[in-house]
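Q: Supplied in structure tokens, the structure appears directly below.
The values are calculated or read from the model by the stated rules, or taken from the named source; none is laboratory data. As the structure is a computational prediction, the values presented were derived from the model and not from experiment. Cβ atoms come from the backbone with ideal geometry, glycine included; neighbour counts cover every protein chain shown. Only protein heavy atoms, including side chains, enter the accessible area calculation; ligands, DNA and RNA are left aside. Shrake-Rupley method; radii C 1.70, N 1.55, O 1.52, S 1.80 Å.
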Amino acid sequence: SAAHGQSQPSHVASQQIKNSSGTGTTQSKPKKPGNPLTPETVDYLKAWMMSPEHISHPYPNEEEKAKILADTGINSKQLTTWFSNNRKRFWKPKMDEEGRTYTTLGNTLTPQVVSFLKAWMMHPSHVEHPYPTDDEKSAIMRATGIDKKQLTTWFSNNRKRFWKPTIDTLRKEHGIPDTSPIP
């Protein structure tokens with residue numbers, strides 16, 4: 001500490017300086033780390049978010065993220081942070097202003113994607129073992145546009161919420177023992 005002859009980083013010292021009125025507010029705030037995005041990059045990101053193709057679900061998939069990163073030169077963390085902040089600061093207020101309905105859950109899947117995933121899960125070739133292989137995961141991600149985390153989370157949740165209750169009901173209604181396969 002400064003009391004023991006060691007100097008403090010300048011951002012700590014600046015926070016401790018009281019203004020002339022003595023109220024305890026700081027004279028300067030420490031600069032945030034990182035590089036701010038250029039106005040051109042912000043315009044590009046806002047245009048992507050508000051485009052007719054993305055406005056109802058402003059969550060870029062992995063392929064879209066790669067294109068955005070290549071087009072703007074920003075890094076993945078900057079991209080993720082920008083979208084997270086601007087869905088709250090820019091997109092949501094715009095939707096409210098326009099009276100549009102939306103969901104603010106981060107990884108809400110479209111009804112079409114959910115239908116596709118449920119159909120895959122309940123298909124006769126998967127119903128006994130609804131765990132996609134790596135190749136099947138890749139095919140599902142290409143077909144739906146969701147990323148690996150969304151896919152993994154959906155299957156984990158829906159084996160409990162959808163698949164197990166559905167299988168239990170089928171077994172009960174049709175008198176199929178737990179040890180027998182689903183026809």
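Q: Of all the helices (runs of 4 or more DSSP H) wholly in the range 83-183, which have at least 1 residues that are under 22 Å from the mean Cα position of the chain (by Cα) and of a type in the set (Lys, Arg)?
A: 92-98, 111-122, 134-144, 148-158
Q: Looking only at the range 24-41, decide whether some residue is open to solvent by 50 Å² or more (accessible area, probe 1.4 Å), within 16 Å of the chain's Cα centre (by Cα) and either among the charged types (D, E, K, R) or at pLDDT below 80 (or both).
A: no
Q: If you don't mind, another one. Which residue is modelled with the lowest pLDDT, if the candidates are limited to the range 143-183 and must be of a type in the set (A, V, I, L, M) and more than 13 Å from Pro130 (Cα to Cα)?
A: Only one residue fits best here, namely Ile146.
Q: While we're here: Please determine, by comparing only the residues of the range 98-117 that are open to solvent by less than 80 Å² (accessible area, probe 1.4 Å) and at pLDDT 85 or above, which one is farthest from Pro130 (Cα to Cα).
A: Only one residue fits best here, namely Val113.
Q: If Ser125 satisfies every condition in (1) modelled with pLDDT under 90; (2) more than 30 Å from His54 (Cα to Cα) but one, which is the exception?
A: (1)
Q: Moving on to the next point. Among the residues of the range 64-71, are any of a type outside the set (Gly, Ala, Ser) and touching a Ser or Thr at 6+ places or on another chain (Cβ under 8 Å)?
A: Within the range 64-71, one or more residues are of a type outside the set (Gly, Ala, Ser) and touching a Ser or Thr at 6+ places or on another chain (Cβ under 8 Å).
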